[in-house]
Amino acid sequence: MVEKKCDVLIVGGGPAGLATAIALRQRGADVLLADALAPPIDKACGEGILPDSRRDLGRLGVELPDACGARFHGIRFSGQRFSVAAEFPSEPGLGVKRTVLHQLLADRAAEAGVRLAWNTSVSVNPGQPIALDSEPVRYRYLIGADGQSSRVRTWAGLDDGSLLTRRFGFRIHYRIAPSITQRPRPHVEVHWTVGGQVYVTPVAENELCVSVMAASSDAVRGRQMVGTIPGLKQQLAGAEIITRERGGITTTRRLRSVTRGKVALVGDASGSADAITGEGLAMSFRQALLLAEAIDAGDLSLYESVHPTIMRLPQTMARILLLMDRWPALRDRALRVLAHDPALFQALVCVHIGEKPLRHFIMRQAPSLGFRLLMPLSA
């Protein structure tokens, strides 16, 4: 039995909820987290933890040893004609299965003293108090970490906002020859093809996570999409599929407000950027740290005011990358320019992972990139 009284009640036990719980415990709050499921909880995602996400996890006391996944040292974009790669300037990223990451976060939360109510029915009904297994809960703050279709968001009257994009994705794991994942400096590969993208992330010595995303659910079945990319089809020829295909929806959503009274939203419940950015987890971890600071100060307006800053860069990158998805001619031209000048792609990647400010890129590289995108292809 979990006592139904706490400083902070968190509804939702995914990475965003667990990260918030850990950050609050680091500041001494009594935290109760409830979820209808139990660890490890799986979800379709690209499973690549970028260097900035690894740093934020470190602030939460969550270490990601190399043994729990597979290192990758940069990002490669590949189209039908052109390919370009950039390496991370400092530490590598790590491919980690979602279930492994979730278990690490759950273990860290338990170690930190979070009261965890797994396998618990959470009642979130309009006009009624929040209840766990039909028993009301007393709390000072309520945190909605219950995903894109957040019931807490609706309960608190915070649904007002804009759904900017909505796409579909599927994820599957392959067991392959070790030589493929033991390349000297493997990258996350993003293959651009008709109808969407295919992400390939090493997650173990001989395992790859393959995620596909597209605007239409009819276009995103993993094996069919892989079959449209000759090089990837050859790479995975004879590979063993070791997990069932898991699907999901990815959105870009903005909310007018993410707090009301003593209620706050975190993670996808508070807005999102299309998964093409790979920054969903990073945003959640930063929000968790900020929200814990605001609650510790007794002032949710701090969280409300800074939350848009956390969302701005990923949502901007999502808009740019989805333009490339919608306009094949623009995508081919952009990949051509970047392939001929990899330093531009390197600069973009550095901005994306927070190694350089966006304004630095806008002032120094963006004019050259824009000019070259407008030049005739024969130039």
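A short reminder: the numbers here are calculations on the coordinates, not readings from a lab. None of these values were measured; they are calculated from a predicted model.
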Intensity falloff of region 95-246 expressed as log10 I(q)/I(0), Debye formula with alpha-carbon point scatterers, at q = 0.13 Å⁻¹:
-0.83
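Counting pairs of alpha carbon atoms under 8 Å apart in space and at least six apart in sequence, what relative contact order in percent does the chain give? Show your work: numbers first, answer last.
Numbers: 777 pairs, mean separation 82.2, N = 379.
Relative contact order, the chain: 22 percent.
Considering every pair of different Cα atoms, what Kirkwood radius, in Å, is found for region 328-374?
Values: mean 1/r = 0.0918 Å⁻¹.
For region 328-374, the Kirkwood estimate is 10.9 Å.
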Per principal axis, descending, Cα span of the chain in whole Å
67, 45, 39
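Using the Kyte-Doolittle scale, which helices in the chain average at least 0.5 and also have C-alpha atoms spread 20 Å or more along the helix axis, with helices defined as whole DSSP H runs?
Working: long enough: 98-112 (21 Å, -0.04); 280-297 (26 Å, 0.96); 300-326 (38 Å, 0.33).
Long hydrophobic helices here: 280-297.
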GNM flexibility winner over the chain from Gln148, Gln235, Gln103 (Cα, springs under 10 Å):
Gln235
